[in-house]
Amino acid sequence: MQQRWPSNLRIVRHGESSGNVAREAADAAGLGRIDIAERDVDVPLSARGEEQAQALGEWFARMPAEERPDVVLTSPYVRARRTAEIVREFGRLDIDVADFVIDERLREKEFGVLDRLTRRGIQEEFPDQAEFRRLLGKFYHRPPAGESWCDVILRLRSALDTVSLHHCGRRVMIVSHQVVVLCLRYLLENMTEEQILAIDREADVANCSVTEYAYNPDIGKIGGMELRRYNFVAPLREAGAPVTADPDENVASR
């Protein structure tokens with residue numbers, strides 16, 4: 001049976017963004033709204049986020065060339081694209097222009113009317129949505145003009161089909177966002193809602209952390225992807241870069 005998966009798949013959350021920093025400041029001040037000037041898609045990395053991406057790139061550079069990613073797929077959001085570019089530069093990744101792909105299906109979960117609101121802001125401005133989320137849970141709750149986790153999973157099913165079709169046998173790195181990292185785990189490991197939300201409750205997905213899968217021909221009848229690492233931040237610690245993470249709430253920029 002022909003292999004249908006990459007030989008190696010690494011899923012990276014983008015480095016810390018200026019939106020993450022602004023959200024922390026709003027929470028600390030007890031504010032309902034987060035002070036971000038840009039569109040969510042345009043929110044850049046913070047200085048710490050740039051440092052984290054460089055540290056991850058240097059970790060790749062210490063690997064043999066034949067183990068480094070040779071395909072990069074990234075969310076179109078500036079913070080993810082910039083992370084991917086820094087990792088490519090400092091990781092000495094030999095990647096053709098055609099193999100550095102911006103894919104809108106890897107974008108951040110869309111928060112709709114709740115964007116730029118803290119938890120307090122949601123409760124003050126949209127108490128009905130706060131109650132809907134409590135009743136439905138984050139997996140199914142879709143805020144007005146936004147997405148549920150299920151909506152994200154729907155577009156990621158298509159993205160994984162593309163990976164399988166065009167990049168089988170390659171070493172692929174995906175650079176995206178916290179919810180996307182978790183939803184890809186849900187798909188690749190055939191999880192239930194309860195299983196993925198239990199993982200989500202254990203710890204936040206750290207900025208520039210690596211979730212890694214390797215192809216295993218013994219999984220099922222046609223082979224599959226086997227989890228090797230999750231939320232791996234050793235490259236940051238080795239380089240002395242700060243480890244940061246934000247909780248996954250329907251607020252602000254991830």
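The values are calculated or read from the model by the stated rules, or taken from the named source; none is laboratory data. No experiment lies behind these values; they were computed from the predicted model shown. Note: ideal-geometry Cβ built from the backbone for every residue, glycine included; neighbour counts use all protein chains shown. For the accessible areas, the whole protein counts, side chains as well, though only heavy atoms, and no ligand, DNA or RNA atoms are used. Shrake-Rupley method; radii C 1.70, N 1.55, O 1.52, S 1.80 Å.
Observations
- Reduced Cα scattering model of the chain, Debye log10 I(q)/I(0), q = 0.09, 0.10, 0.15 Å⁻¹: -0.38, -0.47, -1.05
- Loop-resident sites, the stretch 28-87, for trypsin sites (Lys or Arg not before Pro), counting at most 15 other Cβ within 10 Å (DSSP): Arg39, Arg62
- Protein accessible area in the chain, 1.4 Å probe - carbon and sulfur %: 49
- Computed over the alpha-carbon atoms, the stretch 1-146 gives an Rg to Rh ratio of 1.06, Rh here being the Kirkwood radius from the mean inverse distance.
- Counting only DSSP H runs of at least 4 residues, each contributing -39500 (n - 2.57), and dividing by the residue count of the chain, the helix-based mean residue ellipticity at 222 nm comes to -12000 deg cm²/dmol.
- For the stretch 43-114, the share of alpha carbon pairs falling in successive 10 Å distance bins from zero is 20, 46, 27, 6, 1 percent.
- Relative compactness, the stretch 145-254, computed as alpha-carbon Rg over 2.2 N^0.38 Å: 1.13
- Taking the C-alpha atoms of the stretch 1-77, convex hull volume expressed per residue in Å³: 133
- Hull volume in cubic angstrom per residue (convex hull over the Cα atoms of the stretch 69-155): 111
- The base-10 log of I(q)/I(0) for the stretch 97-201, evaluated at q = 0.11, 0.13, 0.20, 0.24 Å⁻¹, reads -0.40, -0.55, -1.08, -1.37 [Debye formula, identical scatterers on Cα atoms, solvent excluded].
- Using C-alpha pairs under 8 Å with a sequence gap of at least 6, the mean separation divided by the residue count of the chain gives a relative contact order of 32 percent.
- The chain, accessible area per residue, ligands and nucleic acids excluded (1.4 Å, Å²): 44
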